[in-house]
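Have a look at the structure below, then the notes.
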Amino acid sequence: MLPRSYESQRCSIAKTLEIVGDRWTMLVVREAFWGTRRFEHFQRNLGIARTVLTDRLGRLVADGLLCKRRYQEHPERFEYRLTEKGIDLWPVLMALLTWGNRHAIEGPPPVVVFHRECGGGVDDRRMCMRCGAALGPYDVRGRFADPADGHPVIREPRAS
């Protein structure tokens with residue numbers, strides 16, 4: 001595995017990549033935005049190994065992007081929720097989604113994000129293409145294509 005540190009560089013991009021620059025971290029954050037809270041749901045939605053998921057959740061908590069809240073005592077179980085620091089990654093996720101839809105996916109996009117209020121699409125600047133509203137993470141819904149039956153699934157970002 002490559003080192004996570006870019007100690008020789010005084011660069012905000014390099015420092016950000018130390019936190020979110022591995023293969024799984026942004027996908028865990030993406031799931032947290034769409035309301036995934038529990039370990040088994042992250043694992044099911046991502047198809048990630050338990051050891052890798054445990055590591056990524058631990059790092060995201062240690063780096064302050066997620067907080068860990070107990071929801072059951074016996075046995076002890078936790079939920080993971082985005083912090084304000086984690087929520088600040090929403091523009092990055094939207095930029096990756098937009099770029100991926102444009103350059104990495106052939107055919108219709110697997111996820112379409114739209115404005116909750118009016119149903120308008122979201123442009124590159126996170127503005128509603130129908131009403132012109134500036135949109136934040138809790139102003140949108142996502143329509144996900146369900147590969148099993150072809151019926152779309154609607155998911156909404158959830159507040160911590």
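Quick note: the coordinates plus some simple rules give every number you see, no bench work behind them. Because the structure is predicted, anything quoted here is derived from the model rather than measured. Note that each Cβ is placed from the backbone with ideal geometry, even for glycine, and that neighbours are counted across all protein chains shown.
Given points 7 Å out from each Cα along the Cα-Cβ axis, report the residue 44 to residue 85 separation in nanometres with one decimal.
With each label placed 7 Å out from Cα toward Cβ, I get 3.0 nm.
If you add up the charges near residue 72, with Lys and Arg at +1 and Asp and Glu at -1, over every other residue whose beta carbon is less than 14 angstrom from its beta carbon, what do you get? Before the final figure, lay out each step's value.
Working: positive: 37, 38, 68, 69, 70, 77; negative: 40, 73, 76, 79.
Computed value for this residue: +2.
Please report Rg (one decimal) and Dmax (integer) in Å for the Cα set of region 12-85.
12.1, 42
Find the Rg to Rh ratio for region 1-50, where Rh is the Kirkwood radius over alpha-carbon pairs and Rg uses the same atoms. Write down the numbers at each step before the final one.
Values: Rg = 13.4 Å, Rh = 12.3 Å.
Radius of gyration over Kirkwood radius for region 1-50 works out to 1.09.
Taking a temperature of 20 °C and a viscosity of 1.002 mPa s, what whole-number D in µm²/s does Stokes-Einstein yield for the chain with Rh from Kirkwood over alpha carbon pairs?
Numbers: Rh = 17.1 Å.
Once the numbers are plugged in, D ends up at 125 µm²/s.
State, to one decimal in nm, how far the label point of residue 51 lies from the label point of residue 102, with both points 7 Å from Cα in the Cβ direction.
3.9
Taking the Cα centre of region 7-131 as origin and charging only Cβ (+1 Lys, Arg; -1 Asp, Glu), how large is the dipole, in debye to the nearest 20?
Working: 21 positive and 16 negative charges, 38 e Å.
Dipole magnitude for region 7-131 comes out near 180 debye.
So, in nm, how far is label residue 8 from label residue 61 when the simple model puts each one 7 Å beyond its Cα toward the Cβ?
Calculated label separation equals 3.5 nm.
Residue 140's amide H: which non-local residues (gap 5+, or another chain) put their own amide H closer than 5 Å, with H modeled 1.01 Å from N in plane and none for Pro or chain starts?
Close amide H contacts, sequence-distant or interchain: 116.
Span-like helices, the chain: DSSP H, alpha-carbon axial extent 27 Å or more, mean Kyte-Doolittle 0.0 or greater, which ones?
Details: long enough: none.
Counting only whole DSSP H runs, no helix qualifies.
Looking at 121, 132, 94, which one has the Cα that reaches farthest to the positive end of the dipole of region 89-155 (charges on Cβ: Lys, Arg +1; Asp, Glu -1)?
Of 121, 132, 94, it is 132.
Across all directions of projection, what mean area in square nanometres is found for the Cα convex hull of region 97-147? Each step should come with its number before you reach the end.
Details: hull surface 14.8 nm².
Mean projected area of the Cα convex hull: 3.7 nm².
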